[in-house]
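Inspection log for the structure reproduced underneath, given as structure tokens.
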Amino acid sequence: MSKNMATSLVRQTKLLSIVSSQLNSAACFRNIHCTAACLKNRAARIRVGKGDKSVTYEQAYHPHHIGHRKGWLSQHTSNLQGEDGAAERVVEDVFIRRFMYGTFHGCLADEVVIKRRGNLLVICAVMIQKLLPSKFYFLIGYTVELLSHFYKCPVQIEMQTVEEKVVYKYL
Amino acid sequence: MKTFLTLTSFSPTQKLFSLSQESGRNAAKYFINTYPKYFQKDYAQPHIPCLMPETLEAQIEEASEAALIERIRMRKVKAAVDLYDQLLQAGTSVSLDVTNQLLDLICFCGDHDPAQENVPEQRNEETVESSIENNNNAERIFALLSEPNTHSYSALIRGMVKYGAYSKAFSTYTDLLNNRLKADVQTFNALIIAAPEVKEKYNEKWELIVDLLKQMAEQKVKPNLLTLNAVLKALRRCGTLGKSQAFPVISEMKALSIGLLSDHYLLLVHELLGVGENWRLLGNDFQQNIYYARFFSLLCMMENIDVMLKWYRDLVPSVYYPSSNIMRDLLQALDTDNRLDLIPQIWKDIKQLGHANRQNLVEELLILMAREKHNQEVQESFAECALDIKKIYDTGDRGKVLLSWTAGSLSDLISVLLAAHRRQDACTSQIFFLFSSFREMLKLFKTHNRVPSEELLNRFLTCVKEAGEVNQAVELVQISAGFCLPETPKLIQRVQQEFELTEQQR
């Protein structure tokens, strides 16, 4: 998916830069930024296939099931009336998810759940027992220390391990 | 993955996990301090200083006393010494307090920057070379002082003792006395620690220590807990003489109402441990383990069983995981006090602590269980333990055999099972189960090439007779014949007398 995005992005920006340079010559200097087309009816959905692809519960249910059959992956109060900082929370979440994906590479069994309680940032992750427990503890200590210094708030990791990825169904 | 225990005491795996977590934290700290520019953005209101990267560079650049104080605070030994020399050359006088602080720093840190010593539970061994350097620097600065006071002397002496220049420490001490200054408690502690290194023979060492203590009393310096520790440590180096001297020392200290902590007088110690801050002196976990091991062994030897059990229930498994030797001692204590009915509980504990694969412990347990006859419920519980043990013997982890049978352990096991069987209203299913296990046992005897004893066979026979199983009896005789035991004819006689055999069986 990201490969697709990247190539179409490059193509489109090339096109746009040509268009905008022609526009620029007409004495107005405005550049246009745009992303690749992200259709909302294709987001976070795994399409039905031959039946050999295993999906977890999280992946099997589509975004319109959030609140009905799925919970939220990121929990904070900045979307309430009168609260601000929602955009910053989103950026932080994205960073934290990429960080966890990279640090515990190949060990994540499911999406990371991020909860904020006051100042405290709780990262809940389910891991496959790919590494020794002492290595897990090393990475946990490293992540907690680094993220708390980065975001200037206490960070806690709640980790659970399973033997294999929990398959919900095959699509 | 094993379930993560959430107990506070440290088994070896828990220690490993906490150490690996700590090393992860240190790796993160290394990154944070090496690339501080990525961690400068401050989201927190109010500002949280401990979450900012460490600023290791000294702020104040010009040569002044404030700059020196700052470097001392940041523990930059070399920079501080250089700055001090600079200041003296420039002609500014440095106050006595600051010089004392500098001396403290040098003597404590041993003349190299302690920035590398962030890893816990590791103590870098100071090399002899650095100690020599250190002494030169410290002595040099000391010599530059116009009027050294008690503090400077004490810093110098403690530094010398810490880095092995024991005789120099004593000569400095005589200097101190010549200048008619009083030494403080810390100095005396250091000298007491140094005392065993200076003299050769045990009595001389002890005399030196007594001398120091007397001088302490003359100078009206109160000994404190560290004094006691130092004396006892020194005594450990004094051998047998030390042991005899330890007790009067301790009683004296008690008279001065100081808290105690030592390996020698554990019971007294433990009560005082509950008092106040003494628990902090228990040191790290390894020492704690040693302490508790010795404590328990003393307890087993000296006290009666109820006290022992009270301590056991208090401390295990919340504070301490006993080793298998301790469990053996505990079993022996139970034995002497005739409280063998507690064995099943102890067996549960043994299993939980993971000692169930230790051969001698399990054998001892079996011997104790098999030795005498007890009343019925006790025997039943013994039988359950015995079956448990048998399971462990048979099915090792993934096919590995953890324990190997010996003749003694096998027969003990069987006799325990037999004894439990002697119940008036035993239901038939139980009997059949026991018989099948007997047959297995006998097979085990064969397969493991062990020979059952005569007593065992006799008991088998009586048991079989009670149950009235004739076939079993014949089988028994056949097996014993297979072993070519001398008791076979006697057994045959018994069987013939006590059973009604058919012709075929005869």
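Structural remarks
- Inter-chain Cβ neighbour count for B:26-32, averaged per residue, equals 5 (cutoff 10 Å, partner chain atoms only).
- Placed amide H near A:Thr161: partners under 5 Å, 5+ positions off or other chain: A:Met127
- Neighbouring partner chain Cβ atoms per residue of B:94-105, average, 10 Å criterion: 0
- Solvent-free Debye scattering, log10 I(q)/I(0), computed from the Cα coordinates of the stretch A:54-170 at q = 0.18, 0.21 Å⁻¹: -1.02, -1.28
- Per-residue shielding of B:14-25, expressed as the average number of other chain Cβ atoms within 10 Å of the residue Cβ, stands at 6.
Any read-out appearing in this document is the output of simple, stated calculations on the displayed coordinates, not a laboratory observation. Keep in mind that this is a model prediction, so the values were computed, not measured. Note that each Cβ is placed from the backbone with ideal geometry, even for glycine, and that neighbours are counted across all protein chains shown.
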